[in-house]
Structures are given as structure tokens and as C-alpha cells.
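A.B. asks: First, the structure itself, so that you have it in front of you.
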Amino acid sequence: MIFCETALPGVFLIEVERRNDERGFFARTWCCREFAERGLVADFAQASLSYSAHAGTLRGLHFQRPPHQETKLVRCTTGAIWDVVVDLRPSSPTFRRWQGFELDAESRRSLYVPKGFAHGFQTLTDDCEVSYQISTFHVPEAAAGHRYDDPAFAISWPRPVAVISARDRAWPDFALSPAL
């Protein structure tokens, strides 16, 4: 695996290293030792899967409030997404900044999202499936979020929003419910 630092401290784009032969290829997508050697969370409590039928579907921006903050390892296994993380750590030099990454089934890259970040994505194709490894158990009363179109972040989404849940549309603006 190739760990690529991003503009947001603690967030990594992880590329697979393919070992090609006449059958195709083999690549490792997870190794607790390699994560731990970099000081990254290496224990995940659960794995989840989301499916979105239509391109332009937007999910997020989600996070869990302390003490239930999550670290996520996200990979698009079918289709393609624009994955966005927003730094909500008040002491961070990149507080309130966001960065987007294209994740797709062909590249097989994943995104490491440490606790302290909001996370969301928009599907770029129909029939998208996204796999998550999550460091803590989901606690429904700790679930929180911010609006995808919050002016505090000014995220540039690649497409018009075609589908979004009522819950995601109703998250408060950052100014009304700041940071972690």
C-alpha cells in the first residue's frame, strides 16, 4: 500500500500496489501493522456498506460527537464517488477546510478519515457501492452532521444534487452548531 499525505493533516489517500501476473493482479487493501507503524488507527469495530442507485446522490456531511468520534477507512467498490472531508478540529491549522477525492472501483484507492472530520460523498455514477471500516460502534444519539451546502465550508460539489435524504438536508449550518 502507498500512503499519500493530503493537504489535511491526518487524512491519507491510500493507493494499492498491484502485483500483476497472467491471472490479473493481487493487492493488499488493509494491513494493521502498516497502519500502526504510521500511527494510524489499526483497530476497526465494524464495517458498513452503502448503496446509491442514482448518480448525483449526496450523503453527508456526517460525524459522531465525542466521546464516540469515528475514524473511517472508505473505499468505493462499485462505481465512482466524490468523497469530501471537512476538518472540524478547532486546534487544527486546517480547521473548517475541506478536501475532495475521487474514489472509484477501478483505482481501488481508499481514504483514511481520522476522528475530528465530517465526511460525505456524492455519487458520480449510477449504482455506487461504498465500503467503510469504522473504528467505533455507531451510537445513534452521538450522530451529527452539517449541511452539504454550508457557506462556512463552501464545498464545490461536482454535480447538482439529485437525491439527498431529508435528514441530510436538515443538518444545521456550522455557525449554529460548531465543531466537535
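A.B. asks: Take the range 168-180 and flag every residue that is in a loop (DSSP other than H, G, I, E, B), surrounded by 15 or more Cβ atoms within 10 Å (Cβ to Cβ) and either touching a His at 6+ places or on another chain (Cβ under 8 Å) or at pLDDT 95 or above (or both).
C.D. replies: Listed by number, the list holds a single entry, Trp171.
A.B. asks: If only one of Thr125, Thr136, Thr77, Thr94 is at pLDDT 95 or above, under 30 Å from Arg18 (Cβ atoms) and either over 15 Å from the mean Cα position of the chain (by Cα) or part of a loop (DSSP other than H, G, I, E, B) (or both), which one is it?
C.D. replies: Thr125
A.B. asks: Which condition number does Ala7 fail, the rest of (1) surrounded by 13 or more Cβ atoms within 10 Å (Cβ to Cβ); (2) closer than 21 Å to Phe174 by Cβ being met?
C.D. replies: Result: Ala7 fails condition (1) only.
A.B. asks: Next question. If you go through the range 12-35 one residue at a time, how many are part of a loop (DSSP other than H, G, I, E, B) and touching an Asp or Glu at 6+ places or on another chain (Cβ under 8 Å)?
C.D. replies: Selection size over the range 12-35: 2.
A.B. asks: OK, next. Which ones in the range 36-67 are free of Cβ contacts under 8 Å to residues at least 40 places away in the same chain and either touching a strand residue (DSSP E or B) at 6+ places or on another chain (Cβ under 8 Å) or not in a loop (DSSP other than H, G, I, E, B) (or both)?
C.D. replies: Ala36, Glu37, Arg38
A.B. asks: Next question. Given the residues Ser131, Ser165, which is the only one that is of a type outside the set (Phe, Trp, Tyr), in contact with a strand residue (DSSP E or B) (Cβ under 8 Å, 6 or more places away or on another chain) and surrounded by fewer than 13 Cβ atoms within 10 Å (Cβ to Cβ)?
C.D. replies: Ser165
A.B. asks: Next question. What about Pro151, is it surrounded by fewer than 17 Cβ atoms within 10 Å (Cβ to Cβ) and free of Cβ contacts under 8 Å to residues at least 12 places away in the same chain?
C.D. replies: no
The values are calculated or read from the model by the stated rules, or taken from the named source; none is laboratory data. All values derive from a computational prediction rather than experimental measurement. Quick reminder, even Gly has a Cβ in these numbers, built from the backbone with ideal geometry, and neighbours come from all protein chains shown.
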